[in-house]
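S.K.: Just dropping this structure here.
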Amino acid sequence: MNFEVMRSYLPLYIEAMKLTLKIGWIGIVLSVIIGFACAVARHYRIPVIGRIVGVYIELFRNTPLLVQLFFLYFGLPKLGLDINAEVCGALGLALLGGAYMAEAFRSGFEAVEPIQTESALSLGLSPVQTVVHVVLPQAFSVSVPAFVANIIFLLKETSVFSAISLMDLMFTAKDLIGLYYKTIECLTLLVIFYLIILLPVSILGSIVERKVRYAGFGD
Amino acid sequence: MVLSMAAELVKIEHLRKQYDDSNVILKDLSLTIHEGEVVVIVGPSGCGKSTLLRCINALEPIQGGSISYRGEKFDARSKNITAIRQKIGMVFQSYELFPHKTILQNVTLAPILVQKRNKQEAEKEAMELLDRVGLKEKCDSYPRQLSGGQKQRVAIVRSLIMHPEVQLFDEVTAALDPEMVREVLDVLLSLARQGRTMVIVTHEMSFAKAVADRVVFIDKGEIVEEGSPAEFFEHPKTERARQFLNTFTYDKVEKE
Amino acid sequence: MQALGIDVLFKGTNMQRLLLGLWVSLRISLISVAISIVLGLVIGSLMTRKNPVIKVFTRIYLEIVRVMPQMVLLFIVFFGTTRVFGWNIEAETAAVIVFSFWGTAEMADLVRGALISIPKHQYESAAALGMNEVQIFIHIVIPQTLRRLIPLSINLVTRMIKTTSLIMMIGVVEVLKVGQQIIEANRTASPNAAFGVYAVVLLLYFIACWPISMFSKYLERKWC
C-alpha cells in the first residue's frame, strides 16, 4: 500500500466526492418533497392523482436506478429531450427516492388512527389544521426509521452515476485503476470516501431513531 | 322547568343511516334536544346509539333525513361545519387526547387555532377548568403519564373550553377501570347541575337515573321508548325496554 | 415503430437474448438468496452468543454491508482479488460472492432478532428433554424463524434482481448489457433504438420484480 500514491490521488477523489454529494443530496431533497406529496395523495385518496401516483410508485420501486438512468440519459434524447448528465442523475435519484419516501410517509400516516382525526374535527379544527397539528407530528415519528433507511439507500445508489459518465467516486477509481494499475490504493481510497459519506449519516440516523422511539407516545 | 318551551338546539328528523342495502343502522329516527336538557340515550350494544351521536356531529354521512342546529340544516360538507362543531362538543370513549402534546397544549390547541383566541387568555381559562376537575398540576404532563380517568377528565375540559352549547358524551366511562368511573361521572353531574345541554350515551343506569331529564331507549336503530327517568326505570311501557332493564338486575340466589 | 426504436426488438434473436439476460439476473439472485439463508441462519445464531469478539466482528460486518454500496463491493471482489491474491474470478462468480455477502448480513440480523424473541423456556424445556444443541436448532429454532425469514427473503430477491443491473459494469452480460449491445449493433439501422430498448429493459425488470413483490404483500397479509 503506497501512501504517497494515495495522497496524490486525494484531490481527484475529493472532487469526485463533492460531485456525488451535490447530486446525491439534491436528489434526496427532491425525493422527500415528491414522496411527501405522493403519500398525501395516496393516503387521502385524492381522485385521479392518487391512482397515477400508485402506478408511479410501483414502477419505480420495481426497476433499478441504473436502467432508469440509461432510459433518461440515452433513451429520452431520441425523442428530442436532451438532459445533461448531472440533471439526469439528480432526477433519476429523485424519482426513485420519491417512490420509496412515499411508502415511508404513507405508513406514517396510516399509523395515526382515524379517530384522532375525528377528535380534532369535533373540536372544530379544519381538515388542513387537523393534518398539520395532529396527524403529521404523529405520522412523522413512525416514518423515521424507514426515512433514515431510505436516505442511506439513496446515497449508496449514487454509485451508479459513473454509468452516465458522471465523474463520481466509482468513475475516478475505475479510471485510475485503468491508467496506473494501483488497484489496492484506489480501492482503499474508494472505501474510505464512501465511509466518509455514509458513516456519519448512518450514525446520526441511529441516534435520531433511538430518540424518537423513546419519546414514544403510546398509552 | 318546562323544557318543551325551551329553544330547540338540535333537531333530528327521520334520520336514516346505512352502510349498504343490508346494513341499516338507524331507521327513521327523530329526536329534538332542547336547551338546558340532559338527554340520556340507552340501549343494547349495536343498537346505533354511538352512530347517532357521530351523525349529530357530522362525523358520519347520512343516507336520509336531516339534522339541524338552531333550525339550520347541516352535514359534513356544509360550509360552516367548523362553526357548528364548535357549538356541538363531543367526548369520545377512548378520550383521544393528542399524544404528542402536553395536557395544557391539548386543551388550548382548538381555542387558539379555531376560535383565534389569545394564548394567555386560553391558557388562563384552561388552568381554571383543569383546576375544577382537580388536574391543575398535570398541565405540563403528557397523556401517557395520566390514568384513564384523568385523561377522560382532560378530554371533557378540552371540549368545554370551546364553549359549546350542546355536549355529546359517547360512553365516556366504558373504557375505564371501575374505580375511575365515579370521578368522571361526578364531572358530568356537576355540568348537569350548571344547566348545560347534554346528550349522554351510557350503560351506567343509576347514573342515568340521577342525571337525566329525559331517557331515550333505542333498539335496532329506532327509538322504542322515551320518558322521564322515573317513568322509564320504574314503569317501562314496552316489552323490549323491560327486557333491556332486566339485564341489569339480578334476583337473589335461592339455593336448590 | 422506427421512431421509437421498438422495431429493433423484433429483429432476429434480440428479444430472446434479452430474456436470456434476464435469466442471468434471476439465476444470480436466486443462488445468492439461497446461500444467504443458509449462512444467515448460521451466523445469526452465532450472533446470539455472549462472546464479545463475535459481537464486535459481526457488528462491523453488518455495518459494512449497511454502509457500503454494492458497486464498491463488486469492484473490490472483482478487481481487488485479482491484484491481492492473483485469482481470476469470473464476473458472475464475483456477483454471487458479493450478493451472498450482502444477503447473509441481512438474514443474520433477522435471524438474530427472531432468535432472541423465542422465549427462553422453549430452549430450556427442549434441553430438559435431552435434546442437544443441534437438535434444538433444527427442531425448535428453524421452524419458528423460517416464518419470519420468508417475507424478507422474497423482498431480498427483488432487491437483488434490481441490483444485478450493476454487474454489467463488471462485464456480466445481463439484460441491460444485452440491451446496450443491441443498440450498438443497430446504430445505423435503427437510430432511435435506445428509447425502445431501454424502455423494454425497464419493463422486463418490472415484470421480473413486481409479481414477486405483490406475492410478498399477499403473504404478509395472509400471515399477519
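The values are calculated or read from the model by the stated rules, or taken from the named source; none is laboratory data. As the structure is a computational prediction, the values presented were derived from the model and not from experiment. We place every Cβ from the backbone using ideal geometry, glycine too, and count neighbours over all the protein chains shown. Just the protein is used for accessible areas: all its heavy atoms, side chains included, with ligands, DNA and RNA removed. Shrake-Rupley method; radii C 1.70, N 1.55, O 1.52, S 1.80 Å.
S.K.: Give the residue that is farthest from the chain's Cα centre (by Cα), with candidates limited to residues of segment A:20-57 that are closer than 18 Å to A:Phe171 by Cβ and crowded, with 20+ Cβ neighbours inside 10 Å.
M.R.: Top of the filtered list is A:Thr20.
S.K.: Checking the conditions here, which among A:Thr63, A:Thr20 is of a type in the set (Val, Ile, Thr) and assigned to a loop (DSSP other than H, G, I, E, B)?
M.R.: The match here is A:Thr63.
S.K.: Looking at C:Arg159, is it under 30 Å from C:Gly40 (Cα atoms), more than 7 Å from chain A (Cβ to nearest Cβ) and of a type in the set (Lys, Arg)?
M.R.: yes
S.K.: Taking the options B:Lys49, B:Lys27, B:Lys17, name whichever one is surrounded by 15 or more Cβ atoms within 10 Å (Cβ to Cβ) and either over 24 Å from B:Pro236 (Cα atoms) or out of contact with any Gly (no Cβ under 8 Å at 6 or more places or on another chain) (or both).
M.R.: B:Lys17
S.K.: Further question on the same structure: Mind telling me which of the residues C:Ser213, C:Ser190, C:Ser165 ends up being of a type in the set (Ser, Thr, Tyr) and surrounded by fewer than 19 Cβ atoms within 10 Å (Cβ to Cβ)?
M.R.: Checking each option against the conditions leaves just C:Ser213.
S.K.: Still on this structure: Residues of segment B:179-218 being in contact with a strand residue (DSSP E or B) (Cβ under 9 Å, 6 or more places away or on another chain) and among the acidic types (Asp, Glu), which ones?
M.R.: The one that is in contact with a strand residue (DSSP E or B) (Cβ under 9 Å, 6 or more places away or on another chain) and among the acidic types (Asp, Glu): B:Asp213.
S.K.: Here's another thing I want to ask about it. Answer yes or no as to whether A:Ser202 is within 9 Å of another protein chain (Cβ to nearest Cβ), in contact with a helix residue (DSSP H, G or I) (Cβ under 8 Å, 6 or more places away or on another chain) and polar (S, T, N, Q).
M.R.: Yes; evaluated as a whole, the condition is true for this residue.
S.K.: Further, regarding this structure: Count, please, the residues in segment B:1-58 that happen to be on the phi > 0 side of the Ramachandran plot and without any contact (Cβ under 8 Å) to a residue 12 or more places away in the chain.
M.R.: 1
S.K.: Shifting gears a bit: What are the residues in segment B:135-166 that are within 12 Å of chain A (Cβ to nearest Cβ), more than 17 Å from the chain's Cα centre (by Cα) and closer than 25 Å to B:Lys116 by Cα, if any?
M.R.: B:Tyr142, B:Pro143, listed by residue number.
S.K.: Please count how many residues of segment C:88-102 are among the polar types (S, T, N, Q), over 11 Å from C:Ser29 (Cβ atoms) and buried (at least 19 other Cβ atoms within 10 Å of the Cβ).
M.R.: Adding up the residues that qualify gives 0.
S.K.: Follow-up question, since we're still on this one. If I ask for residues that are facing chain A (nearest Cβ under 9 Å) and surrounded by 23 or more Cβ atoms within 10 Å (Cβ to Cβ), which ones from segment B:99-110 would you list?
M.R.: Selection gives B:Ala110 alone.
S.K.: Next up: With buried (at least 18 other Cβ atoms within 10 Å of the Cβ), of a type outside the set (A, V, I, L, M, F, W, C), without any contact (Cβ under 8 Å) to a residue 40 or more places away in the chain and within 10 Å of chain B (Cβ to nearest Cβ) as the only criterion, which of A:Gln138, A:Gln116 stands out?
M.R.: Within the list A:Gln138, A:Gln116, the selection yields A:Gln116.
S.K.: Does B:Lys11 satisfy the criteria of being at the interface with chain A (Cβ under 10 Å from one of its Cβ atoms), open to solvent by 50 Å² or more (accessible area, probe 1.4 Å) and among the charged types (D, E, K, R)?
M.R.: Judged against the criteria, B:Lys11 is not a match.
S.K.: From A:Phe171, A:Phe161, which residue is part of a helix (DSSP H, G or I), open to solvent by 20 Å² or more (accessible area, probe 1.4 Å), closer than 30 Å to C:Ala194 by Cβ and away from chain B (no Cβ under 14 Å)?
M.R.: A:Phe171
S.K.: Here's another thing I want to ask about it. Test each condition in (1) surrounded by fewer than 22 Cβ atoms within 10 Å (Cβ to Cβ); (2) closer than 21 Å to C:Trp23 by Cβ; (3) in contact (Cβ under 8 Å) with a residue 60 or more places away in the chain for C:Ile150 and report the one that comes out false.
M.R.: (2)
S.K.: Please enumerate the residues belonging to segment A:62-111 that are of a type in the set (Val, Ile, Thr) and either under 11 Å from the mean Cα position of the chain (by Cα) or within 12 Å of chain C (Cβ to nearest Cβ) (or both).
M.R.: Passing the criteria: A:Thr63, A:Val67.
S.K.: Another question, then. Here are some residues: B:Met198, B:Met180. Which one is touching a helix residue (DSSP H, G or I) at 6+ places or on another chain (Cβ under 7 Å), within 30 Å of B:Lys101 (Cα to Cα) and part of a strand (DSSP E or B)?
M.R.: Being touching a helix residue (DSSP H, G or I) at 6+ places or on another chain (Cβ under 7 Å), within 30 Å of B:Lys101 (Cα to Cα) and part of a strand (DSSP E or B) holds for just one of B:Met198, B:Met180, which is B:Met198.
S.K.: Okay, moving on. Would you mind telling me which numbered condition in (1) open to solvent by less than 40 Å² (accessible area, probe 1.4 Å); (2) within 15 Å of A:Glu157 (Cα to Cα) A:Glu185 fails?
M.R.: (2) is the only condition that A:Glu185 fails.
S.K.: Of the numbered conditions (1) buried (at least 17 other Cβ atoms within 10 Å of the Cβ); (2) of a type in the set (A, V, I, L, M); (3) more than 23 Å from C:Ile89 (Cβ to Cβ), C:Val134 fails exactly one; give the number of that condition.
M.R.: (1)
S.K.: Right, something else. Taking only segment C:179-205 into account, find how many residues are in a helix (DSSP H, G or I), within 12 Å of chain A (Cβ to nearest Cβ) and under 16 Å from C:Met15 (Cβ atoms).
M.R.: 14
S.K.: Please give the number of the condition C:Thr164 fails out of (1) in contact (Cβ under 8 Å) with a residue 12 or more places away in the chain; (2) of a type in the set (Val, Ile, Thr); (3) out of contact with any Asp or Glu (no Cβ under 6 Å at 6 or more places or on another chain); (4) over 16 Å from C:Thr48 (Cβ atoms).
M.R.: Answer for C:Thr164: the failing condition is (3).
S.K.: Moving on. Determine which member of the set A:Leu176, A:Leu166 is more than 14 Å from chain B (Cβ to nearest Cβ) and in a helix (DSSP H, G or I).
M.R.: A:Leu176
S.K.: Assuming B:Pro236 fulfils every condition listed in (1) open to solvent by less than 40 Å² (accessible area, probe 1.4 Å); (2) within 22 Å of the chain's Cα centre (by Cα); (3) not small (Gly, Ala, Ser) apart from one, which condition is it?
M.R.: Every listed condition holds for B:Pro236 apart from (2).
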